[in-house]
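Structure first, then comments.
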Amino acid sequence: MKKTYFRGKSAKAVILSLITVVIIVAVFALNVVLNYVGTNNLAYLDMTPEGLYTVSDGMEEFCREILDKTDENGEKKQIEITFCTDLDYIVRSEELRVTYFMALALSKKFDNLSVKSVNVTYNPTAVAKYKTTSRSEISPSDIIISYGNKYRIATSASFWTTDTDGNDFSYNGEYKLASILASLAAINSPVAYFVTDHGETFYNPDEPESEMSLSTAYFADLLTERGLRIETLVLSEVDEIPDDCALLIINNPTRDIDTNPDKYGDYSYVSDAEKIDRFLIERLGSLIVNKAYDVKLPVLESLLSEWGIAFGEGIVEDEAIEYSSPTDDDYNILGVYDTDDESFGSAFYGDYSGLSSAPDMLFRNSGYIYCSYNSGEASPEPGGYNASKTYASFIGTTDDAIAVKGQGDTYQTAERGFKSLCAVSTRTHLDSITGENDFSYVLASNSEYFYSNDILGNTSFANYDILASLITTISRTERYAPISLGGSSPNSTSFGGKQLVDMTLRDYASNVYSWDGTEVVKVNKALTDTSVVWYTVIAFVAPITVIVLGFVIVLKRRHR
């Protein structure tokens, strides 16, 4: 005979056993429901005196101005905030939790803003489109904010202000998130303008099947994939660079930019060089200049020298990195990655340089670039203290390279040594009001083939991947929210975020964190182990005990 668990048991025991099972199942189900409701529908009360989990009216108003914008088709752009780890870890994390609930609160107010979590450790392909290069890594502590086809990646720590000891001092997440959204929406559809009136090689979106456009098709694809729309510009016919320009491109010019010394006394006259300079400095724009190594452009080169960029004479040869050339008229070399972790280039391709089978960047008939002020150190701008320009080699040769007059010509034009094949000059400007740094960039190369289809379209080389990463950075448009946004909390009138106070969870009474040092501000981080235990007891054990006792009492009365 088949035995069962209930055989031989009294009816009362059977009923109590069933009740126990039902209660356990109900508790688990309730836990799941409460967890979902609490983390996805904001079913909680903000009991922090700082208002950490409450979105301020100013934040909502600022975001509404951005998120309610429509494009040329009258549609709102979709904003997606992606947390790069599992939800349970986000809720437990001291830094991620507050930002997650702020984002979730905003998603309830705006139908075009969504929040999701992705475990990038187990599912890295889910965020592959946000990687600057194919081997870049996105950390579980990162937060990705995308706006249409543009995006920013921020660390969870960047939403907090820390003291000199590295302790979280205040939550400045509203200002941080609002500034990122402002930057992404600064130019609704940023444009890369090809300058066309100096014999340049350019892509014409109005004539995509023309011979010239076809010759730059891969370069055009690179730009559009990074969120840029392409237009052409006759520089001499405009008074200033268009407002929607994020990137100005002068590719393979055969003539110098226009200048007219006879009009220098005319206050209404603005030279091409002045237009470019204003675009870079006043508008925080970025410029790409690429020319053939044997083309001389005095006016343009004079402008670039103010940014630390100078073009050497001759074509670079380096026996150590020679690469087979398609014809006898061409000379190919493979660029050498900078392995210094602190270098500008390594910030983009460091993950490549560490691989034994790393793909190389190919350079054909390339001249070299050097720093015009003989140093890679930051050079302060005359007449000011808050702006400087820094020259940096992006990729170069070995220390055994030379430069010669031309392919097949043995006349040497430069001493043997390292030669930079591509360089970037960065202008850093400290905004005295926001306290943020603004950046402008000039990217220079010295080969007419640098953006050619033959090289960018060849997947055996890393040119496309690395240049895409670089152009993503230099074409960024930065805007900032008002410095006071989210800068005060109920317990403090000072700016710099919602300052943290003690809630008897953790005590740092020996540290003075207030701005003026007159009061002790204590840090409120995550719940302590003790408080977690008591929370569990109060939230789950106590109600279950009451329910069980209630059933027992009822049953006893019925079977008395």
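A few notes on this one:
- Amide H contacts of Ser366: Val316, each under 5 Å away and 5 or more positions distant or on a separate chain (H built 1.01 Å from N in the peptide plane; Pro and chain starts excluded).
- Rounded to 5, percent antiparallel among DSSP beta bridges of region 191-474: 65 percent
- Evaluating kT/(6 pi eta Rh) at 4 °C and 1.567 mPa s, with the Kirkwood radius of region 191-474 over Cα pairs in the Stokes-Einstein relation, gives 66 µm² s⁻¹.
- Zero-based 5 Å bins, Cα pair distances in region 205-292, whole percents: 3, 11, 20, 24, 19, 14, 5, 4, 1
- Estimated translational D of region 96-231 in µm²/s (Stokes, Kirkwood radius over Cα pairs; 10 °C; 1.306 mPa s): 89 µm²/s
- When each of Lys129/Lys498; Lys109/Lys498; Lys77/Lys389; Lys108/Lys498 is checked by Cα-Cα distance, pairs over 31 Å: Lys129/Lys498; Lys77/Lys389
- For Leu287, the amide hydrogen comes within under 5 Å of the amide hydrogens of Leu248, Tyr441, Val442, Leu443, counting only partners 5 or more places away or on other chains and with H modelled in the peptide plane.
- Straight-line reach from Lys131: taking Cα to Cα under 14 Å and skipping same-chain neighbours fewer than 8 places apart, the aspartates and glutamates in range are Asp142, Glu225, Asp351, Asp465.
Every number in this text was worked out from the coordinates using simple rules, so none of it is lab data. What you are looking at is a predicted structure, and each value in this text was computed from that prediction instead of being measured.
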